[in-house]
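To keep things clear, I will list the structure first and then write my remarks on it.
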Amino acid sequence: MSLVLKESTLEGNLETSRFWAYAASFGALWGSLEITLGAFLHTLHVPFAGVILASAGAGLLVAQRQFFNRFGISLATGIVAASVKSISPGGIILGPMLGITCEALIVELILVIGPRSLPAAVLAGCTAGIWPLAQKLLYQVIMFSHNVIDLYLALLRKAGEWLGVTTSQGWSLLIMLIISCGIIGSLGGLTGWLLGRKAILTGKNVSQEKKEPVV
Amino acid sequence: MNTVRTIVLAAAAGTCVIFQVLSMPLLSIISIMAWLLLLIRLDPRTAGRMGTVKFWIISTLVALASGLAFGKPDYLFLGINISRTGIEAGLLMSARAIFIFSLFSFLSIRIGLDNFRKAAAYAGLEQLGTAAAAAFSILPFLKQSIEAHHGSRKKVKGKVKKKKRYQLGLIVEEMAGLLFDTASLAEALAGKHDVKPKIIALVADPGEGKTTILEQVAADLKIHGLSIGGIVQPRIESTGPAAQGYLVKDVSNDETCELAKSKPSPGILELGFDFSEHAWSWARKKIENARLFCDILVIDELGLLEAQGGGHMPALTVKLPLDRARIWIAAVRSDCKKEIEKQIGPFNMELPIPPKNGSIDFLDMIRRTIERDPLE
């Protein structure tokens, strides 16, 4: 009885340390990607830079799940990546840090339905891709108060009058924008799924799901 | 920051909040300006981070646009009819944004690893703080991994120059490799792969052909699809019987660096060569990279220097987060064997130098050893 207890404790410890080790290594990769690729895209003023980064992050989390599938690993990885982002030089990093954490939370919640399945990966990527738009709006509301939404709507109405664009056309444009972000995100999720599987199949499967014998 | 400064800044921040809550635009703007001046004077680092042009443009536009969008136009500004109440609302919104932006800026400076760990510990998540610290410590290894994969891609690129359609395939390989390395790092961090590598040693006296055989072995194993890294030390030939010097050569890509030049008149107690510090550190990096990212490490000429803990020995004994190279093939001078074993561990297999026509059998022996003890 005591041996069984000891073995299960050891196993638990190993799994816990693997959990945090995966969060640390993939968090480091995501954080460094945010710093390097993020700086590059923002410096060049590439459109959809935030969406591209979110999609890459979601892809990374999806790929991580192919190696190590535990509930909560995506969120933990996101928090570690956000902490790595703190070494980013200059600028206000609080917003991007919160953004990374929220993206990780979204992916975590969606991967509950199928941690290693392709549809869940694509859906997670899609939602994470749309998130930067929502985050931008949320950030504006926090900064300027909820009145900023009334202001934007009023300005859009005025712009629509000047340009002769109807409200339904305006909504269509907005939906197209959201769909574009979703597609970019979905591609990220899909790529992450494919790369994760390829990494396992072509490399050596370091994260064997079978239980290791306890020594 | 001392207590007085903190109290002054907190009082100024509190004043800003009060005027914001009471919706008093003029006093809000005055208090925000006072707050900014205090920030520049007392906390220049925070003020420095607020120099984001985009934010200031958006804030100004919000203030002006509110005059257009809200209320009835009752004021002419630059030939445009705008509303006073709208402008006031806009100014209030911008003042609020500037204040929150400065708070974000204040926090952005103070979020560092130490504070993150403290916050995690405070929330009862010590392991999260430890994971963040581990993430910081493995950043250099991730950089090495990216460089190693990119290096291999450049090399392969040269071979398939005419077939550009394979370019995407190479990028995919590179990214999959990076993901695999990241997972391997995680396993190493978790202590799962803390297994000593198997050492196959070629023990012989100087001049018996260890380097030539190691080069043959590396080339042969590469053909069989194993990733080989590490170094060999071929002689720089001279007209006389003694070597003019030694090169150090990366077996993965045949890059070379001059390691030693013979001294014109060596003393009794010194070695007969001048060694290049740059070449030692170059070789060290190559050996460490091979340990991290290759299946097999090839290491040549473990001799007098290594027996004393110098030469290539530090690269072999340094603790790395991951030792993926599970087989080390080392050329060892026979008179230094015991000392070398003390430092890197006992040899799992010791092979003599084969007779001149027996090199193929010898390669087969190594191959069989590796097949018997697969790299998984």
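Can you list residue pairs whose Cβ atoms sit under 6 Å apart, with the first residue in region A:132-143 being under 15 Å from A:Ile184 (Cβ atoms) and the second being of a type in the set (A, V, I, L, M)? Count only pairs 6 or more apart in sequence or on different chains.
From region A:132-143, the pairs are A:Pro132/A:Val51; A:Pro132/A:Ala54.
Is there a residue in region A:5-20 that is assigned to a helix (DSSP H, G or I), at pLDDT 85 or above and within 13 Å of another protein chain (Cβ to nearest Cβ)? Working first, answer last.
The initial filter retains those residues of region A:5-20 that are assigned to a helix (DSSP H, G or I), namely A:5-20.
Narrowing further to those that are at pLDDT 85 or above: A:19-20.
Pick out the ones that are also within 13 Å of another protein chain (Cβ to nearest Cβ) and you get A:19-20.
Within region A:5-20, one or more residues are assigned to a helix (DSSP H, G or I), at pLDDT 85 or above and within 13 Å of another protein chain (Cβ to nearest Cβ).
Of the residues that make up region A:150-171, is at least one more than 11 Å from chain B (Cβ to nearest Cβ), within 25 Å of B:Thr60 (Cβ to Cβ) and modelled with pLDDT of 85 or more?
Within region A:150-171 (the criterion being more than 11 Å from chain B (Cβ to nearest Cβ), within 25 Å of B:Thr60 (Cβ to Cβ) and modelled with pLDDT of 85 or more), the answer is no, since none of the residues qualifies.
How many residues are crowded, with 19+ Cβ neighbours inside 10 Å, among the aliphatic types (A, V, I, L, M) and within 20 Å of B:Leu92 (Cα to Cα) if we restrict to region A:129-159?
Qualifying residue count, region A:129-159: 3.
Determine if region A:182-190 includes at least one residue that is within 11 Å of chain B (Cβ to nearest Cβ) and surrounded by fewer than 19 Cβ atoms within 10 Å (Cβ to Cβ).
Just the residues of region A:182-190 that are within 11 Å of chain B (Cβ to nearest Cβ), to begin with: none.
Within region A:182-190, none of the residues are within 11 Å of chain B (Cβ to nearest Cβ) and surrounded by fewer than 19 Cβ atoms within 10 Å (Cβ to Cβ).
So A:Gly99 fits all but one of (1) farther than 23 Å from B:Phe101 by Cα; (2) at pLDDT 90 or above; what number is the exception?
Only one criterion in (1) farther than 23 Å from B:Phe101 by Cα; (2) at pLDDT 90 or above is unmet by A:Gly99, namely (1).
Which residues, counting only those in region A:23-36, are surrounded by 15 or more Cβ atoms within 10 Å (Cβ to Cβ) and either more than 16 Å from the chain's Cα centre (by Cα) or more than 11 Å from every other protein chain (Cβ to nearest Cβ) (or both)? Walk me through how you get there before you give the answer.
Our first condition is that a residue be surrounded by 15 or more Cβ atoms within 10 Å (Cβ to Cβ); within region A:23-36, this holds for A:23-35.
Answer for region A:23-36, where residues must be surrounded by 15 or more Cβ atoms within 10 Å (Cβ to Cβ) and either more than 16 Å from the chain's Cα centre (by Cα) or more than 11 Å from every other protein chain (Cβ to nearest Cβ) (or both): just A:Glu34.
For the condition aliphatic (A, V, I, L, M), surrounded by 18 or more Cβ atoms within 10 Å (Cβ to Cβ), modelled with pLDDT under 80 and more than 28 Å from A:Leu75 (Cβ to Cβ), what is the one hit in B:Leu202, B:Leu221?
Numbers: B:Leu202 fails: modelled with pLDDT under 80.
Unique residue meeting the criteria: B:Leu221.
Within region A:88-105, does at least one residue satisfy the condition of being of a type in the set (S, T, N, Q) and surrounded by 14 or more Cβ atoms within 10 Å (Cβ to Cβ)?
Pass one, region A:88-105, residues of a type in the set (S, T, N, Q): A:88, A:101.
From the residues that got through so far, the ones that are surrounded by 14 or more Cβ atoms within 10 Å (Cβ to Cβ) too are A:88, A:101.
Yes, region A:88-105 contains at least one residue that is of a type in the set (S, T, N, Q) and surrounded by 14 or more Cβ atoms within 10 Å (Cβ to Cβ).
Of the residues in region B:17-56, how many are hydroxyl-bearing (Ser, Thr, Tyr), in a helix (DSSP H, G or I) and over 44 Å from the mean Cα position of the chain (by Cα)? Explain how you work it out, then say what you get.
Of region B:17-56, the ones hydroxyl-bearing (Ser, Thr, Tyr) are B:23, B:28, B:31, B:46, B:52.
Still in the running and in a helix (DSSP H, G or I): B:28, B:31, B:46.
Filter once more, keeping what is over 44 Å from the mean Cα position of the chain (by Cα): B:28, B:31.
Qualifying residue count, region B:17-56: 2.
Taking region A:38-68 only, how many residues are under 23 Å from B:Thr130 (Cα atoms) and over 16 Å from the mean Cα position of the chain (by Cα)?
2
Out of the residues in region B:174-196 meeting the condition of being surrounded by fewer than 19 Cβ atoms within 10 Å (Cβ to Cβ) and out of contact with any Ser or Thr (no Cβ under 8 Å at 6 or more places or on another chain), tell me which one is modelled with the highest pLDDT.
B:Lys196
What do you reckon, is B:Lys337 surrounded by fewer than 20 Cβ atoms within 10 Å (Cβ to Cβ), more than 14 Å from chain A (Cβ to nearest Cβ) and at pLDDT below 65? Working first, answer last.
Values: surrounded by fewer than 20 Cβ atoms within 10 Å (Cβ to Cβ): yes; more than 14 Å from chain A (Cβ to nearest Cβ): yes; at pLDDT below 65: no.
Considered against the rule, which asks whether it is surrounded by fewer than 20 Cβ atoms within 10 Å (Cβ to Cβ), more than 14 Å from chain A (Cβ to nearest Cβ) and at pLDDT below 65, B:Lys337 comes out as no.
Taking A:Ala121 as the residue in question, decide whether it is at pLDDT 85 or above and buried (at least 19 other Cβ atoms within 10 Å of the Cβ). Show your work before the answer.
Values: at pLDDT 85 or above: yes; buried (at least 19 other Cβ atoms within 10 Å of the Cβ): yes.
The answer is yes for A:Ala121.
How many of the residues in region B:131-140 are at the interface with chain A (Cβ under 9 Å from one of its Cβ atoms) and surrounded by fewer than 21 Cβ atoms within 10 Å (Cβ to Cβ)?
Narrowing region B:131-140 to residues at the interface with chain A (Cβ under 9 Å from one of its Cβ atoms): B:131-139.
Pick out the ones that are also surrounded by fewer than 21 Cβ atoms within 10 Å (Cβ to Cβ) and you get B:133, B:136-137, B:139.
Qualifying residue count for the region: 4.
Please verify whether B:Ala63 is within 9 Å of chain A (Cβ to nearest Cβ), in contact with a helix residue (DSSP H, G or I) (Cβ under 6 Å, 6 or more places away or on another chain) and part of a helix (DSSP H, G or I), treating the condition exactly as stated.
Working: within 9 Å of chain A (Cβ to nearest Cβ): no; in contact with a helix residue (DSSP H, G or I) (Cβ under 6 Å, 6 or more places away or on another chain): yes; part of a helix (DSSP H, G or I): yes.
In short, no.
For region B:101-130, how many residues meet the condition of being of a type in the set (A, V, I, L, M), part of a loop (DSSP other than H, G, I, E, B) and either crowded, with 19+ Cβ neighbours inside 10 Å or within 10 Å of chain A (Cβ to nearest Cβ) (or both)? It would help to see each step written out before you state the result.
First pass over region B:101-130, keeping only residues of a type in the set (A, V, I, L, M): B:103, B:107, B:109, B:111, B:113, B:119-121, B:123, B:125, B:128.
Okay, now just the ones that are also part of a loop (DSSP other than H, G, I, E, B), so B:111, B:123, B:125.
With either crowded, with 19+ Cβ neighbours inside 10 Å or within 10 Å of chain A (Cβ to nearest Cβ) (or both) added as a condition, the list becomes B:111, B:125.
The number of residues fulfilling the criteria is 2.
Return yes or no: is B:Ala290 at pLDDT 85 or above and in contact with a Gly (Cβ under 6 Å, 6 or more places away or on another chain)? Before the answer, list the steps.
Numbers: at pLDDT 85 or above: no; in contact with a Gly (Cβ under 6 Å, 6 or more places away or on another chain): yes.
Taking the combined requirement at face value, the residue does not satisfy it.
The values are calculated or read from the model by the stated rules, or taken from the named source; none is laboratory data. Predicted model, so just to flag it, every value in this text is computed and none were measured. Heads up, the Cβs are rebuilt from the backbone with ideal geometry, glycines too, and the neighbour counts pull from every protein chain shown.
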